[in-house]
Amino acid sequence: MTYLLQRVTRLVGCFVFSLIFCNIVRANEVNSELPQYEPVSGITGSLNSVGSDTLNNLMTLWAQAFKRYYPNVIIQIEGKGSSTAPPALIEGTAQIGLMSRDLKSTEIISFESRYQYKPFKVIVALDALALWVHKDNPIDKIDFSQIDAIFSNTQRRGGKSVERWGELDLTGEWQSRKLSLYGRNSASGTYGFFKSVVLLNGDFRASVKQQPGSSGVVQSVGSDRYGIGYSGIGYYTSEVKALDVSVDGVNYFAPTRENSISGDYPLGRFLYVFVNRTPNRPLNRLTSEFIRFVLSQEGQQIVQRDGYFKLPKFVVDDMLTKLE
């Protein structure tokens, strides 16, 4: 059996996951487990991580589990947004850069001008960027044109500005209620991903209440009956619900793992670790072992427990091969 293994491709102007046939993924994962982590000796030192807030909780859980194997290792975590990762890698203040988006060309150029090679990219998890509403909200689905009309003041998808829930066909008490908008700040990779993919790089409305973290978005929507916001799926709480999303207003898909892998859910994305690795030379042992742990069965089980989606085995195999 061969796999349809493709890189993330552009569909309707955005990156989606046209990676593999879902039935092949299911069959592969039934028959093949991810590698178990086998600890090694002599791992000590400090590991500094800077970057994505989306990955902040996940990185904390990975660090706690990793330190059970290596109690003398010191791990420091700073999660203020994906845009803080590239400068930290360039300046050498972090060994690990966490990002919820891929590097921009300008960030690659800045890194290359310092080191004469590109940062090394490792895919560590799968995420679905969710559109959250309050649990009591009767709406169940939304399309890109509507999202753009809600969050953008430029409406590059051609819709009309949406101000009230009645304009999204809600009735009764909801009809006259104004939407409360919640989003991320500009340092966030989630902000950049949403702006690029959904708003077609249009401008956000000034009325979007920018939150410094994904948990703030979900907590705000959960406490605001008329709120709507976006963040990674891992920040779900019982006070909110995630909407099915459509590009074209016809085919709607829930933010599930299967739909993210297949590309049906249009806001699926990879989560990344970037490191400074000299070409044709191994990473330092501490950084390498930590990444191997993250890609192991135990590391990916932590991904699932934190509400994100574990990677298909073929992606893990590819990452481990490149790490050698």
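Laboratory data are not the source of any read-out in this text; all were calculated from the coordinates shown. None of the values given here were measured: they were computed from a predicted structure. Ideal geometry is used to build each Cβ from the backbone, glycine not excepted, and the neighbour counts take in all protein chains shown.
Assuming 0.36 nm per residue, please report the length gained on full extension of the stretch ARG164 to GLU239 beyond their Cα-Cα distance.
Working: separation 75, 0.36 × 75 = 27.00 nm, distance 2.11 nm.
Full extension from ARG164 to GLU239 adds 24.9 nm.
If you take all other residues with their beta carbon under 12 Å from the beta carbon of GLU239, and give Lys and Arg +1 and Asp and Glu -1, the sum is +1.
For PRO35, what charge total do you get from the other residues with a beta carbon under 10 Å from its beta carbon, if Lys and Arg give +1 and Asp and Glu give -1?
Details: positive: ARG292, LYS313; negative: GLU33, GLU38, GLU298, ASP317.
It works out to a net charge of -2.
Can you run phi through the Karplus equation (6.51, -1.76, 1.60; θ = phi - 60°) for the stretch 288-299 and list ³J(HN,Hα) in whole Hz, with x for Gly and Pro? Calculated HN-Hα couplings, in order: 4, 5, 4, 5, 4, 5, 4, 8, 7, 4, 5, x Hz. Take every Cα pair under 8 Å whose residues are at least 6 apart in sequence, average their separation, divide by the length of the chain, and the relative contact order is 26 percent. Using C-alpha pairs below 8 Å separated by at least 6 residues, the relative contact order for the stretch 209-324 is 16 percent.
Just flag the chymotrypsin sites (Phe, Trp or Tyr not before Pro) in the stretch 167-231 sitting in loop per DSSP whose Cβ has no more than 15 other Cβ atoms within 10 Å. Mind dumping the intermediate values first?
Numbers: sites: TRP174, TYR182, TYR191, PHE193, PHE194, PHE204, TYR226, TYR230; in loops: TYR226.
Sparse-neighbourhood loop chymotrypsin sites (Phe, Trp or Tyr not before Pro): none present.
What does the charge count around ARG177 come to, taking other residues whose C-beta lies under 13 Å from its C-beta (Lys +1, Arg +1, Asp -1, Glu -1)? With Lys, Arg at +1 and Asp, Glu at -1, the net is -2. Of LYS209/LYS241; LYS104/LYS313; LYS135/LYS209; LYS104/LYS195; LYS178/LYS241; LYS135/LYS313, which sit over 25 Å apart, Cα to Cα? Correct reply: LYS104/LYS313; LYS135/LYS313.
Placing a label point 7 Å from the Cα of ILE74 along the Cα-to-Cβ direction, the residues of the stretch 269-286 whose backbone N falls under 20 Å of that point are 284-286. If you build a Gaussian network model of the chain, linking Cα atoms that sit under 10 Å apart, which residue out of GLY42, GLY202, GLY227 swings the most? Highest fluctuation among the options: GLY42. By the rule of a C-alpha distance below 24 Å, with chain neighbours fewer than 8 residues away ignored, the lysines paired with LYS67 are LYS80, LYS121, LYS310. 3J(HN,Hα) along the stretch 237-248, derived from phi through the Karplus expression 6.51 cos²θ - 1.76 cosθ + 1.60 where θ = phi - 60°, amounts to 10, 6, 8, 10, 9, 9, 7, 5, 10, 10, 7, 9 Hz, with x in place of Gly and Pro.
For LEU320 and LYS178, FRET efficiency with R0 = 45 Å and r from the beta-carbon atoms, rounded to 0.05? Working shown, then result.
On the way: r = 50 Å, r/R0 = 1.11.
For LYS178 and LEU320, the calculated efficiency is 0.35.
Counting only DSSP H runs of at least 4 residues, each contributing -39500 (n - 2.57), and dividing by the residue count of the chain, the helix-based mean residue ellipticity at 222 nm comes to -9000 deg cm²/dmol. Arranged from fewest to most other beta-carbon atoms within 10 Å of their beta carbon, TRP132, TRP165 become TRP165, TRP132. Highest mobility in the GNM of the chain, judged by mean-square fluctuation with C-alpha springs under 10 Å and restricted to ARG281, ARG101, ARG184, is found for ARG281.
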